[in-house]
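Notes follow once the structure below has been shown.
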């Protein structure tokens, strides 16, 4: 029986994929090597790891406004997270998801970085405001 | 929750006012619904971050598609400014930027001009173009501009990424959520500064410390203990660092900022920030003795007063042959600096003065690769926070120590 997590209705299409989880924050400009599809900021909890095709599960957004364009640019090249699942996002991530067609949800009951583990299989449904953990 | 639209806004959504405005309001409705906005609020200015490193080919092609629509459909409805560009056509070759970068930059500029956007190319528009006024609603597209406008002037803006700021320019509105609402502007965190910052880098350090503590767009810090009013450049560095480290969009500083103190809940215990915390923050980026590849004065762009300070510190000295010193300011300030002889005094040292860029928005990764840059020295706490992801090893220091290090070719 999958575990069902409820959240605020989000943005983008429903997707199924594998989670990559960390207790850290996110900015496409500050943290990523967007050509390689990896976390490049040495101090990031996911430094060196690939985000391509993963459902990123993180705490919140950090820093500036560039992510609003960069998610769209990453989508256009096909090296992009499959979805963003955060405790709470800032306007830039929401705007970037809306512009780039990226799946994104936030505002759960509980800390989503505790509720989901790396390599969990997830079904993210933004319209319903749910995330299912399929493998537990 | 559906966003309530006026008759005119429904017309935009139905395409009556053309495809650009239809795209714009659909985007705003999607963002507004995500944040439970009740409606859209009219804005008096928009400000677009649209550097070509962020846009990429896909973003430029998107702008060009809308820019090719009929003029009546594509013209912005409110004054719409630009944040720094990715490249200064006067200096890009000296900095190792490529013809391909210049070509895509020219395409983006042509597209933005077609919307009637004013190419101000600045992140210090509150110092140089048109300062906001109290309770003015804005759609500002640079975190440093947003936090300064909200906090120092008491204006109302969320962080508006490039697509959203363009949408606001096209519709003259933005979704009413976040810092457009009074209930989101109440203080949630409490800080007491117990040491006097000695220069702009230390103002940035304090902003960075508070930003790390806050760590969320939705936290509003209240800061006490600064016993004399800071100047505009100090608040600029403080706010830019706070917004960078914390994604914070508003602070209150009783006696300095205009809004009365209101707390979102019970008053929290204050967090003290003293000399030890400031010194530790700066020391965490320390690298005394290391070779310096590039010294950067930017992020935010320099005011005229800062340009004069750099000129005074460099006067008659030469930047080390293996070090680059880059100064970035707005086009308006660059013209003033040219007229007053400041640019000449800075560049006689071997430094480069660039207009309309802000370093980290200028293909910083490619610049590092082209020039072999690794160790970067700056007096901007915002820049040291951003630039690590681009492969640099950043050090934070006072303006004077930055200049002394640029001359010596190593961190002094």
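Within the stretch B:232-246, name every residue whose backbone N is under 15 Å away from a label modeled 7 Å from Cα of residue B:188 along the Cβ vector. Hits in the stretch B:232-246 for residue B:188 at 15 Å: B:243, B:246. Note: relative contact order over the stretch B:186-282, using C-alpha pairs below 8 Å and six or more positions apart, is 44 percent. Each part gets one Cα centre, and for the stretch B:1-56 versus the stretch B:382-399 those centres are 35 Å apart. Seen from all directions on average, the stretch B:134-252 presents a Cα convex hull projection of 6.9 nm². In this simple spin-label approximation, residue A:88 and residue B:130 carry label points 7 Å from Cα along the Cα→Cβ vector, and these lie 3.3 nm apart.
Starting from the exponent 0.38 and prefactor 2.2 Å, build the expected Rg for the protein assembly as shown from its residue count and divide its actual Cα Rg by it. Dividing the Cα Rg of the protein assembly as shown by 2.2 N^0.38 Å gives 0.92. Averaging Cα coordinates gives a centre for the stretch B:123-192 and one for the stretch A:53-79; these two points are 22 Å apart.
Most simply put, the protein assembly as shown has about 30% antiparallel DSSP beta bridges, counting only bridges with both residues inside it. If one computes the Cα centroid of the stretch B:329-356 and of the stretch B:95-109, what distance in Å separates the two points? Between the Cα centre of the stretch B:329-356 and that of the stretch B:95-109, the gap is 21 Å.
What's the angle, to the nearest 10 degrees (0 to 90), between helix A:91-100's Cα axis and the longest principal axis of chain A? Here the helix axis deviates by roughly 90 degrees.
Note: relative contact order over chain B, using C-alpha pairs below 8 Å and six or more positions apart, is 17 percent. By the count of neighbouring beta-carbon atoms within 10 Å, fewest first, B:181, B:302 end up ordered B:181, B:302.
The coefficient of translational diffusion for the stretch B:287-408, derived via Stokes-Einstein from the alpha carbon Kirkwood radius under 20 °C and 1.002 mPa s, stands at 152 µm²/s. Placing dummy labels 7 Å off each Cα toward the beta-carbon, the span from residue A:23 to residue B:100 is 4.2 nm.
Shape class for the stretch B:186-282: rounded, because the ratio a/c of the largest to smallest gyration tensor axis (alpha-carbon atoms, square roots of eigenvalues) is under 1.5. In chain B, the calculated helix contribution to ellipticity at 222 nm averages -12500 deg cm²/dmol per residue, counting -39,500 (n - 2.57) for every DSSP H run with n ≥ 4. By the Kirkwood approach, averaging reciprocal distances over each pair of separate Cα atoms, the stretch B:7-182 gets a hydrodynamic radius of 16.4 Å.
Here the simple spin-label model places points 7 Å from the Cα toward Cβ, and for residue B:7 and residue B:338 these points are separated by 5.1 nm.
With neighbour counts taken as other beta-carbon atoms within 10 Å, the residues B:124, B:273 rank, fewest first, as B:273, B:124. By the count of other C-beta atoms within 10 Å, a proxy for reagent exposure, A:80, B:352 are ordered fewest to most as B:352, A:80. Computed from Cα positions, the angle between helix A:67-77 and the longest principal axis of chain A comes to roughly 90 degrees.
Shape call for chain B from the C-alpha gyration tensor, a ≥ b ≥ c root eigenvalues: rounded (a/c under 1.5), prolate (a/b greater than b/c) or oblate? It comes out oblate by the Cα gyration axes.
In chain A, one over the average inverse separation of all distinct C-alpha pairs is 14.4 Å, which is the Kirkwood hydrodynamic radius. Only Cα pairs under 8 Å and 6+ residues apart enter the sum, and on that basis the relative contact order of chain A stands at 39 percent.
DSSP assigns beta bridges within chain A; of those with both partners inside it, close to 60 percent run antiparallel.
Read the figures in this text as sums done on the coordinates, not as results from a lab. The shown structure was predicted, so the numbers you read here are calculated from the model rather than taken from an experiment. All Cβ positions, even for glycine, are placed from backbone atoms using ideal geometry, and neighbour counts span all protein chains on display.
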